[in-house]
Every structure is written in C-alpha cells, then in structure tokens.
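Contents: one structure, followed by commentary.
The values are calculated or read from the model by the stated rules, or taken from the named source; none is laboratory data. Given the structure is predicted, the values throughout are model-derived calculations rather than measurements. In this analysis, Cβ positions are derived from the backbone assuming ideal geometry, glycine residues included, and neighbour counts consider all displayed protein chains. Remember, those area values only see protein heavy atoms, side chains included, never the ligands or the DNA or RNA. Shrake-Rupley method; radii C 1.70, N 1.55, O 1.52, S 1.80 Å.
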Amino acid sequence: MQYDLNSLNNEQLAPVMDTEGCILVTAGAGSGKTRLLTHRIAYLITEKNVSPYNILAITFTNKAAGEMASRLQDMTPEGRYVWVSTFHSMCARILRRFADRIGYTQSFSIYADAEKEKLISNVIGEMQVDDELKKNAIYHIGNAKNLGLSPEEYLKDFTYVPDIETICDIYTAYNKALKNNNAMDFDDLLFKTEELLRTCDEAREYYSEKFEYIHVDEFQDTNTIQYELIKLLAYKHRNVCVVGDEDQCIYGWRGANIENIRNFIRDFNCKIYKLEQNYRSTKKILDLANHLIANNTSRIEKKLWTENDSGVNVDYYIGSSDGDEADFVRQTINALSDRYRLSDFAVLMRTNALTRPFEQRFLQYGIAYKVYGGFKFYDRKEIKDLLAYFRITANHYDSEAIVRVINFPRRGIGASSLNTLMGMANSSGKSLYEVIMNISGEDLPETLKKKVLPFATVLGLLEEQKDKLEIDNLMRYLIRLLDLKTLYAEQNEENENRKANINELLSSIKEYTTMNPGASLDDYMQSVTLWSDLDDEPTEDCVHLATVHSAKGLEFKVVFVVGLEDGIFPISHAQSKAELEEERRLFYVAITRAKERLFITRTRSRFLYGKLSDSIPSRFLIEIGLDSRGRRNRYAESEERGYGSNDDYSYNTETYRFKPRTEYSRNDNRAVRQQDDVNKFYVGEKIRHKKFGVGTIISISGSGISLSAVIDFEGYGKMNIAVAYAPISEEV
C-alpha cells in the first residue's frame, strides 16, 4: 500500500491531519481504521518531519502488529523504525532496560501458562491447600494483575468471593516464588511495567519523552492496567490517538473495560471523530446491524453506511432440530458453490459446542472444513475425558485411557502414585485395570489405596450398568457419578462451554442410538473413534466453523450465524444489562463479518442440559425485526424432511430451482447427480463413501434429487444421506 492521502475519505482524512493533542476515533466495522492509522503515522513522518523513533503504535495481536509494520514500510522507508508492538512485547522491551529498578535482573524469565500453572501448583502444595482451589486461584490472580491490584487491594475489593482470603494468600506466595525465580508471568509484563513507570521517575521520563506520538488500535479491548500504561506513557506530550469501536467490545470476560472509552474522553479532554462509512458489507446487512446495535445505550451514537450495493435480503431460517439447521447450512453451501469458493463461507456461533452437527454433515457430504481458533468437537478435553471412561469400560486393557482419567476429577493421584500402580501391574503380571479393581487387596500404601478406591468404584459401577442402560443413559449415569454438575458449577465462560459440549455429546449419542437401535457400547466406541480419527483433507479452501469471538477481525462473503436462541445467543449466564449489551455487541460483530450474504438460523428444539427442549427465539431476533416465522431453504432443492401442515410456523416455501450438475465446479469437488443417476440406487445395494468407506443402503425415501437413503456404514452405523449431494459411488 502506497502513502496516498487521496485514497482516504473525508472521515478518515480529518483525524489523520489532526496530529496535536488527543483524539478518539470511533471506527465502525469495516470502516478502514488500519488504513487511517498507517496513513496518520506516515503523514507524521513525511509531512510533519517527526522522527519515526518518537512514534509508538500499539495493537493487540502479533499478526496485527506485523501487518501494520509491513504497511508502514511500504508507505515510507522510515516506517521500519516506528515502534509497532503489542502491549506485552512493548512492556517486555521496557522491562529489559529497567528491570533492576524493581528488583529483577535484565535476564528475567517470562513464564507462559504451563509454567505459571505448575508454579501455582507447587505453591498450593507447599501451603497444604486443597488443590481444588487451583483453577479459581489462577483466574483471580490474573484478574487482580489486569486490574492492577496487589493481594491486599484485591482482598479488600473482592471480599464476597468464596475462599478469597486463601486465594489472596496463594497470590502473595506465588508472587514471592516468581521473584525468587527472577521470573514474570504474562500478566506481570503489564503489571510490573505500570509499577515501574509509576514509581521510577527515570523510566517514566525516558519513555514519555521518547514517545511524542502514541497510537492505540482496538482501544475498546484495553483493560484497566493497559489504560494506566497509556496515561503514564503520554503524560509529557499528550499526543494520543486511540482508534476503536465500543460496538465491538466483546472481551469483557477477559478484562476488557468498555469504560476506558468514557475515561479517555474525560481524562484527556479529547476530540471525537467517527468513521461510519463501511467498505465491507451490503446495505441490507448494514441496516440489520444498525437496527440491532441501536438497542445498546453504552455507546457513542453512530450509524454505518455504505456505497456498496443493496445486496440480497438477509435470510432467516428456523429448523426443527439442530440436525435440520446443519442440513440447511450444507444445502445452501452446495447450492451456492458454483458462485463461491468454500473459503468464502463461515458458520459462526456463540459457543463452540454447536459445531458437532455441522462437522458431521460436512464429513457426510464431503465439504472440507476447518474449526477456526478451536478444537474439533471430539478433540475437546471434556469430551475426550468422558469418552476415555467409555473406552475403559469397553476395553479393560486400555491403559492409556486409564492414565488419562485416573485423576479426573482430581483425586490427588499424581505421577508418583501412578508409577507405583503401573509398577505393581508389571511385577504381578496383571493389567493396570485389574490392579485398580482389586486395589483393597494389593500390597500398596493405605494412602494410595484411599485415593484410588473412588476411581475403582466408578469403573465398577459402569461395568455393572453397561449392558443394562442405553448408551446415552450410561453417559448420563457417568456424568452423575463424576458429579460434573458440581465440578463445573462456577459460572464462567469456560465452564459454560464445557457444559454445552457435554450436552452436545449426549445429543450425538442419542442420535446414534436412534439410528442404530440395539447398538452396543463397543459399536458406539468404534464409530466415534473412527469418526474422530478421519484424516483431514490438506486444503486451504474450506468452510470456516468458528465462534464469533475467534472470527473478530475477519470477513467472509457468505456468513451463517447459527443458534439464535435464548440461552445460547445471548448466553444463559448473561443476566445484567452490561452482560446483555456485550452479547448484543457480539451478535453485531457476527453480522458485520458478512460481505455479500447473511443467513441467520435457529431451531424449534435443541438438545440442551441433558434433554430435548423447545427453544425460545433469541430476544435479538425481535430487535432486528425478524419474528417467529422462518423460511425454508430457497437456494436448494427442498428435501422432504417432515415439515408438516400442522406446523405452527408460516414458511415461505418458494424454492430456487437450480440445474443439477454432474460435473465438478471450478471451486468444488462435490458433484450433484442428475435425477437419472440418483434413481439408479436401490435398497440392498453396496455403495462406497469417500470418507466412510463401504456401506449398504437400508431404505430409500423421496425421488429424483430429493431422494435420501439410510445407509449402514461398516464401523460407523447408520446415516441418513441425501444421495444427490453425498460423495458416494456404486461399489464395484
């Protein structure tokens, strides 16, 4: 990108040329804020003769910092000397120079999460505190440092938190252990830099003199300690330009403080500029976004507009179930695949627990996909832990599964105890399972027996019930035995996601048992293991499955926002006005990722909290003018899926009849068969699926390209598949 002020619109140009004093640029989604920032810095260097060494640009990710630095180098040769940095790397650089002023050497270590957790575990062990407090202690220590509070200050401000005195004792001991190790954790990089600049005149004078002009990107995501750092760095020249969008402040759960925008206006008496022209989305998508976000009161009034085309209508769809919702998405992707690449599509959701039905449908129909910024469903820890118990019950010799969960939930069984158990197994010629199940009779320390006995009890009860209970009920039984309801009782984002994932696992097991009546635990474990171990196709051209949080900053030509139901979006634990406003901002971010087409979906029923329940439409749907009526898929040939005349909802059943293709499109490896080709399939025929291998057609319903078949795949069980779209062929 070349430096060219003529490439800016009037809204962008004004803050670029207003270089003295403090300004806030509230920049709407897709309004070109990075272009503004880079041009402003280049303008300071080329037109105002400011040394690049006296300019600081702070952003939030290494990727964003790298992109900004690259653009500046393209604009002006001197751009390479601007200090473009994340908050953490900036602070590390400052501390390396002045660490001795706060009692560290310049070679201090920086502890990542793994080292941090290990050190806290050691502290808890030395203090002889219940290890169950570890997770809470980690959260509160990080929260305290992001708020800039010492253990004493945090104790005073958070007296209502259970076990807060013990947690603050752990915080104190942890800080001491870090200091003894000449180490800082990631939160300390900010916390200690603020301490340094506040208490050391020499450091504060040096950096506030050096940074004559300060720029901060994504200002709405700053936390309390980051805002204090900006104030300290700017105290001498007070030339600060912050760019952000309070409508996209979605990280409150990790410390982002939307009040910083109001604080900045007050503390710096700044000018305010608005960027309201959007270059990304169509008029109809922006109209929806504006309609939604106007319901928030904690914002600076602005309204996005665009010179782009009006575009097609935003589509709203109600599915009868989560499987139906996933089918709508894959049908629509199939139907639009001759106009878009797979990488043009994104499926966005509030929580990653919703990915499972989409992953399964995409595998069934040969649609390449990637779970963006997260784990695939069966790779998530809580899912692997629960399935490990099933693996042990199905196969007593699976020692790897035993090692995985012998201390889940925590039973105080560490590496030393496990080595003792494995040594006993090796010396006696028994399996590890046999040693555990006969733990009372083994020649082992009584303390170890006491720790292992609860685990053995769980395994024994599962063994007792495995042939008596349906597989989904056996999983419910296991969840009760492990008391996961108590384990994940604390209300936070992580626990809510874990509970949602577990509920989705129950839903998937129920789906499997419904399609495969009489299936054994062995059958199920074989199917899920094969399913989760399928090789991914090495391709970058794939549909993105992502939470809205992980999609911030990205854009896609076609976006599906799924799961618009109360309890999911907004999330169930969002109760206060502030929390609901953040949920609304999150939906706003999801909508504004779309460039050309936007689909919003929900279901009439979903498997939640261990049972199938009627879904309540999200309150956000009413706010954007979408009522309880949904629309069937107008982009694909409708499939007879049991939408009955008794339906309480009114559908627009108009469908767009596209011509089925037998050839592959230029961007797609999924052929759609002609009606004659589809009708060749018959009950009893052996077919081959690209992913699932050989299967037998059990039953057929419908006709033409609406024909669907129940196919029994060896090792996977039965699946209902639309024959026209699935990557299947007649078995030779």
Subject >> Subset of region 235-255 that is assigned to a loop (DSSP other than H, G, I, E, B) and touching a residue at least 40 places away in the same chain (Cβ under 8 Å) - its residue that is surrounded by the fewest Cβ atoms within 10 Å (Cβ to Cβ) >> reply: Arg238
**OP:** Evaluate region 196-208: report whether one residue or more is open to solvent by 10 Å² or more (accessible area, probe 1.4 Å), more than 30 Å from the chain's Cα centre (by Cα) and of a type in the set (S, T, N, Q).
**Re:** yes
**OP:** Filter region 704-732 for residues that are modelled with pLDDT under 80, β-branched (Val, Ile, Thr) and closer than 17 Å to Thr332 by Cα and give the result.
**Re:** Ile705, Val723
**OP:** Give the residue, chosen from Lys179, Lys145, Lys156, that is open to solvent by 50 Å² or more (accessible area, probe 1.4 Å), in contact (Cβ under 8 Å) with a residue 40 or more places away in the chain and more than 27 Å from Ala69 (Cβ to Cβ).
**Re:** Lys179
**OP:** Answer yes or no as to whether Tyr171 is over 30 Å from Ile413 (Cβ atoms) and either open to solvent by 60 Å² or more (accessible area, probe 1.4 Å) or not hydrophobic (A, V, I, L, M, F, W, C) (or both).
**Re:** no
**OP:** Filter region 120-142 down to the residues that are among the polar types (S, T, N, Q), in contact with a helix residue (DSSP H, G or I) (Cβ under 8 Å, 6 or more places away or on another chain) and under 22 Å from Asn181 (Cα atoms), then identify the one that is surrounded by the most Cβ atoms within 10 Å (Cβ to Cβ).
**Re:** Ser121
Subject >> Candidates Ile58, Ile110, Ile124, filtered to the one that is modelled with pLDDT of 90 or more, over 29 Å from Arg238 (Cβ atoms) and aliphatic (A, V, I, L, M) >> reply: Ile124
**OP:** Determine, yes or no, whether Ala546 is hydrophobic (A, V, I, L, M, F, W, C) and open to solvent by less than 30 Å² (accessible area, probe 1.4 Å).
**Re:** yes
**OP:** Evaluate region 421-433: report whether one residue or more is open to solvent by 60 Å² or more (accessible area, probe 1.4 Å) and touching a Leu at 6+ places or on another chain (Cβ under 7 Å).
**Re:** yes
Original post:
Among (1) at pLDDT 85 or above; (2) touching a helix residue (DSSP H, G or I) at 6+ places or on another chain (Cβ under 7 Å), which single condition is Ser527 missing?
Top reply: (1)
Subject >> So Ile94, is it at pLDDT 90 or above and in contact with a helix residue (DSSP H, G or I) (Cβ under 9 Å, 6 or more places away or on another chain) >> reply: yes
Original post:
What do you reckon, is Thr34 modelled with pLDDT under 95 and under 23 Å from Lys231 (Cα atoms)?
Top reply: yes
Subject >> All positions within region 175-217 that are of a type outside the set (Ser, Thr, Tyr) and outside any helix (DSSP H, G or I) >> reply: Asn181, Asn182, Ala183, Met184, Asp185, Cys200, Phe211, Glu212, Ile214, His215, Val216, Asp217
Original post:
Could you give every pair whose Cβ atoms fall below 8 Å, whose first residue belongs to region 559-581 and is touching a residue at least 12 places away in the same chain (Cβ under 8 Å), and whose second residue is among the aromatic types (Phe, Trp, Tyr) and part of a strand (DSSP E or B), counting only separations of at least 6 or pairs across chains?
Top reply: Val559/Phe345; Val559/Phe599; Phe560/Phe345; Phe560/Phe599; Val561/Phe599
**OP:** Tell me, please, whether a residue that is small (Gly, Ala, Ser), within 25 Å of Ile622 (Cα to Cα) and surrounded by 23 or more Cβ atoms within 10 Å (Cβ to Cβ) can be found in region 578-599.
**Re:** yes
**OP:** Considering only region 429-459, state which residues are assigned to a helix (DSSP H, G or I) and out of contact with any helix residue (DSSP H, G or I) (no Cβ under 7 Å at 6 or more places or on another chain).
**Re:** Glu434, Gly441, Glu446, Thr447, Lys450, Pro454, Thr457
Original post:
Of the residues that sit in region 380-402 and are hydrophobic (A, V, I, L, M, F, W, C) and free of Cβ contacts under 8 Å to residues at least 24 places away in the same chain, which one is nearest to Lys466 (Cα to Cα)?
Top reply: Ala388
Original post:
Any idea which residue in region 500-514 is most open to solvent (accessible area, probe 1.4 Å), counting only those that are out of contact with any Gly (no Cβ under 8 Å at 6 or more places or on another chain) and in contact (Cβ under 8 Å) with a residue 60 or more places away in the chain?
Top reply: Lys510
**OP:** Would you point out the residue of region 675-721, among those that are basic (Lys, Arg) and either open to solvent by less than 60 Å² (accessible area, probe 1.4 Å) or over 17 Å from Thr514 (Cα atoms) (or both), that is nearest to the chain's Cα centre (by Cα)?
**Re:** Lys691
Original post:
Is it true that some residue in region 470-492 is in a helix (DSSP H, G or I), among the acidic types (Asp, Glu) and open to solvent by 60 Å² or more (accessible area, probe 1.4 Å)?
Top reply: no
